[in-house]
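The values are calculated or read from the model by the stated rules, or taken from the named source; none is laboratory data. Source: prediction; values computed, not measured. Cβ atoms come from the backbone with ideal geometry, glycine included; neighbour counts cover every protein chain shown. Each accessible area value is taken on the protein alone, full model and side chains, heavy atoms only, with ligands, DNA and RNA left out. Shrake-Rupley method; radii C 1.70, N 1.55, O 1.52, S 1.80 Å.
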Amino acid sequence: MLALLEGGTYFHKEAIEGERLTGRFDRTIYAPELDAAALAGCDALIVADRIHPAVLRRKRPLLLSYLAAGGTLIVLGENRAQDWAPGVAWEFRPTNFWWWLEKGADPGHRIVAPGHDIFHHVGMGELVWHYHGLLTPPPGATSLVEITPEGDPHGRGGSILYDHRNVGGGPGRMIVTTLDPFYHHGSFFMPAASRFLGKLLDWTDEAFRASR
Amino acid sequence: MNDVALLDSEQAEGGVQDLIRDLVLGPRIALLPLYDLERTDLAAFRGLLVGLHADQRYLSSRRAQLEGFLAQGGTIVVCGHVGHSFLAELNPFAPIPNYRVEDLEVNREAAHPVWEGVEMEHLSRRRGVAGFYGRGSNLPPPGARAINSLGPGRHPVDFECRPAVGGRLLVHAGADLWGYHGSGSTADRIMPQLLDWITAPMEAW
């Protein structure tokens, strides 16, 4: 069972109710109303990008309990996850909306764990758009997509998507990204972000909605 | 005293932090955490700025407070698309269907103090790329004044109206207008002119 946590913004509403994506979530939860009952039976909870971080900080005990009970959190970008989610280390990078203006430009994206089942669905065509920051995966996590040092304005590089099983030695799992596809899809801006969201949901269909 | 309150959603993008640090404009603006709205007396302000990241479900629950602010002559500025119609004059966003680059050109429909001296070209493109300003309309209510529109279809992207309860409502169907602060183009005029317009006496309609 797959649930979505949404923050009451226009772009969350468009992604949930718009014509382009329908029926992708078994349950949607308005973040300020998140409680233990809403999480009952959820195999995975997608935390949509750009939810007001104050709400997520306030709901941190619930999210930690959910992880401790074996739940999976899929945390998207611009949520200040480093302020509330275990193990998340995030560094800001300025947004480069312009990389594609130069013919043949390589913004540095690399799939570094091609055997992961997310890549049955998500490919480079969905991943290569701008990003808002870089992650340092904690010990035990598997980085899935990285930006090379050459593609990073700070020259260090880092991860933009990782999978962390057994968070803190427990049964919980976190998939973390700095990509923010709900915002761009719901704003009708950035077709690659819409493709990423669609393919991400194809993967969550396969991974967390076994009855489908 | 601050002229306006800006509802803050703690997002890195949107220009809020740059605006607040500005030596001239920053002191005119109170940064109000979004969910503190219910504990805030808006009578202390002339205007209220609502950005694209706002939780519109929450704002819907604060409708009576927002209408009270308008009724006492306040000005509300709404940026972003309307998903949840938190005021009577806010209609759901309609994207331009299958838009092409020419549909994203910004046209001036009427003179307005906030956009005085702003060249449409500086709104239509950033580094030659179109689409940042807007990609559709929050459909204006009857009696609204369209200020700027998009493309040959002249889809209204900015409008001003006088809500039934009183006050003024300015609506921009795109990214936050404060994001143009520091752009280095004529779009830099938007924010000081917006603050001046909010704090000037309301003109006859």
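Things worth noting here:
- Residues (within 10 Å of another protein chain (Cβ to nearest Cβ), surrounded by fewer than 20 Cβ atoms within 10 Å (Cβ to Cβ) and not charged (D, E, K, R)) located in region B:29-40: B:33, B:35
- Count - residues of region B:68-94 that are open to solvent by 50 Å² or more (accessible area, probe 1.4 Å) and within 21 Å of residue B:203 (Cα to Cα): 2
- Counting only residues that are of a type in the set (Asp, Glu) and either touching a Leu at 6+ places or on another chain (Cβ under 6 Å) or open to solvent by less than 20 Å² (accessible area, probe 1.4 Å) (or both), region A:141-169 holds 2 of them.
- Just one of the listed residues (B:12, B:64, B:54, B:43) is in contact (Cβ under 8 Å) with a residue 24 or more places away in the chain and surrounded by fewer than 18 Cβ atoms within 10 Å (Cβ to Cβ), and it is B:43.
- Picking from residues in region B:43-65 that are touching a helix residue (DSSP H, G or I) at 6+ places or on another chain (Cβ under 9 Å) and farther than 27 Å from residue B:135 by Cα, the one that is nearest to the other protein chains (Cβ to nearest Cβ) is B:61.
- Under the condition of being within 14 Å of chain B (Cβ to nearest Cβ) and closer than 15 Å to residue A:160 by Cα, the residues counted in region A:63-114 number 14.
- Exclusive hit being closer than 28 Å to residue B:131 by Cα, open to solvent by 20 Å² or more (accessible area, probe 1.4 Å), touching a residue at least 24 places away in the same chain (Cβ under 8 Å) and β-branched (Val, Ile, Thr), set A:95, A:22, A:9: A:95
- Among the residues making up region B:143-189, a single one is within 22 Å of residue B:42 (Cα to Cα), without any contact (Cβ under 8 Å) to a residue 60 or more places away in the chain and open to solvent by less than 30 Å² (accessible area, probe 1.4 Å): B:160.
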